[in-house]
Structures are given as C-alpha cells and as structure tokens.
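Novice: The structure that follows is given in the form of structure tokens.
The numbers here are math on the coordinates, done by the rules we state, and not lab data. Since the structure is predicted, the reported quantities are computational estimates derived from the model, not experimental observations.
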C-alpha cells in the first residue's frame, strides 16, 4: 500500500528535481495500452529528458512489455 501511495503522491506533488536535469542514460519503456499509468506521462517525460531513448510501444500494456523482455532469460 505504501508504494501505491508514494506513486499517487508523485503524480500531484513536485519531485524535487527537474527531469531536464537528468544527465545519465535513460531508457523508459511504456505501452500505450497501459491501464495503470497514463501513456501521456512517458510521452511528456521523453520530450523533456535530454538524450532519452524512449520505447513507447503500440499494443503493449503495463506488464506485457516486462514479460516479453524477460521471457526465456535465466536468473542464474
């Protein structure tokens, strides 16, 4: 529950930094069919983070991107 609360508050309160100041490689993955996080959020972020490599995927949802990327990978 605490994580959900933190996420919800992050949507309506300042983050304490400007995303335009991010200077490390950033690779967000987001599916346009995500029902939990608005797709427009990553579109907004991708437009503002310098040098971002955004993967904004058509037809993907909240978990489908993660599951497709890790299918067949070993944890050993």
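Novice: Mean residue ellipticity at 222 nm from the helices of the chain, using -39,500 (n - 2.57) per DSSP H segment of n ≥ 4 over the full residue count, to the nearest 500 deg cm²/dmol?
Specialist: Details: 3 runs with 28 residues, N = 76.
The helix contribution divided over the chain gives -10500 deg cm²/dmol.
Novice: For the chain, what value does the Rg/Rh ratio take when both radii are computed over Cα atoms and Rh is the Kirkwood radius, given to two decimals? Before the final figure, lay out each step's value.
Specialist: On the way: Rg = 14.1 Å, Rh = 14.1 Å.
Rg divided by Rh gives 1.00.
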